[in-house]
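Since every read-out is calculated from the coordinates, none of them should be taken as a lab result. Values in this document were obtained by computation on a predicted structure and should not be read as measured data. Here Cβ is always computed from backbone atoms with ideal geometry, including for glycine, and neighbour counts include all displayed protein chains.
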Amino acid sequence: MSLLEWISPETGPSLQGQGVRLRPPRRRDYPEWSAVRQASRGFLQPWEPVWSPDELSLAAYSRRLSAWRNGRDLDQMYAFFVFRESDDVLVGGVTLNNVRRGVAQMGTIGYWSGQAYARQGHTLAGVRAVIDFAFGSLALHRLEAACLPTNDASAALLLKAGFTEEGYAKAYLKINGDWRDHRLFGLISREGGPGRP
């Protein structure tokens with residue numbers, strides 16, 4: 001179970017998970033973020049949109065920070081960096097995106113892990129912490145996620161986090177330059193867990 005502690009409005013919510021802590025990205029994280037992403041480029045690119053020529057530049061990171069902050073201010077997106085608790089090393093990120101209110105009360109979870117930290121449980125712990133945040137503090141009803149059909153590790157992570165595979169979408173997202181099919185997963189708040197009806 002993750003515990004939520006609110007910190008100053010300038011930095012946003014901080015979450016605690018098993019062996020990890022999560023908080024919104026900050027400007028001072030840029031050197032570590034760019035180093036982890038650069039070292040993991042070949043590992044990440046098959047699963048992500050095409051990287052821009054300035055993908056890892058400070059200017060691009062600053063644009064991301066602005067987008068993340070604006071999304072949070074509009075209650076549409078909550079971006080978190082995941083830090084290993086034992087040594088405060090940045091190991092990846094989890095984003096709750098496309099938050100929809102009204103009759104939907106839902107959002108979409110996405111995540112990434114640095115190659116050196118993959119399959120060590122950090123991303124799963126981060127996803128679980130964001131699930132609790134989404135169903136607890138944000139009072140969402142449903143979460144969605146998707147992965148490429150060939151990404152068995154991502155599908156396994158979602159299933160371990162409590163998601164159910166719900167379907168298959170043709171040409172769902174443009175990944176690494178091509179429109180790719182995706183496996184679709186969902187989780188609703190009544191499916192158990194701390195603080196869930």
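The table below lists the values:
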{"quantity": "For Val89, residues with placed amide H under 5 Å, excluding near neighbours", "calculated": "Arg84"}
{"quantity": "DSSP-defined antiparallel bridges as percent of all bridges, segment 3-191, nearest 5", "calculated": "95 percent"}
{"quantity": "From phi via Karplus (6.51, -1.76, 1.60), per-residue ³J(HN,Hα) for segment 44-50 in Hz, x at Gly/Pro", "calculated": "8, 4, x, 10, 10, x, 4"}
{"quantity": "Sequence of Trp112, Trp47 once ranked by neighbouring C-beta atoms within 10 Å, starting from the fewest", "calculated": "Trp47, Trp112"}
{"quantity": "Built amide H within the under 5 Å cut-off of Tyr172, gap 5+", "calculated": "Arg180, Asp181, His182"}
{"quantity": "Nearest-20 debye value, segment 6-79 charge dipole, Cβ charges on Lys, Arg, Asp, Glu", "calculated": "180 debye"}
{"quantity": "Gaussian network model of the chain, Cα within-10 Å springs - most flexible of Pro25, Pro53, Pro13", "calculated": "Pro53"}
{"quantity": "Extreme residue, positive dipole direction of the chain, given options Ser62, His182, Pro31 (C-beta unit charges)", "calculated": "Ser62"}
{"quantity": "Most positive-pole-ward Cα, Gln105, Val91, Leu157, against dipole of segment 60-181 from beta carbon charges", "calculated": "Gln105"}
{"quantity": "Sequence of Trp33, Trp51 once ranked by neighbouring C-beta atoms within 10 Å, starting from the fewest", "calculated": "Trp51, Trp33"}
{"quantity": "Hull volume in cubic angstrom per residue (convex hull over the Cα atoms of segment 108-197)", "calculated": "98 Å³"}
{"quantity": "For Gly17, distant residues with modelled amide H under 5 Å away", "calculated": "Leu22"}
{"quantity": "Charge dipole (debye, nearest 20) of the chain; +1 at Cβ of Lys and Arg, -1 at Cβ of Asp and Glu", "calculated": "200 debye"}
{"quantity": "Förster radius 45 Å - calculated FRET efficiency between Val89 and Lys170 (Cβ-Cβ, nearest 0.05)", "calculated": "0.70"}
{"quantity": "Fully extended contour minus Cα-Cα distance, from Asp181 to Gln76, at 0.36 nm per residue", "calculated": "35.3 nm"}
{"quantity": "Along principal axes, Cα extents of segment 9-53, largest first, whole Å", "calculated": "33, 25, 18"}
{"quantity": "Normalised convex hull volume, the chain, alpha-carbon set, Å³ per residue", "calculated": "119 Å³"}
{"quantity": "Modelled label reach - Ser62, point 7 Å along Cα→Cβ, segment 12-44 residues with backbone N closer than 20 Å", "calculated": "25-35"}
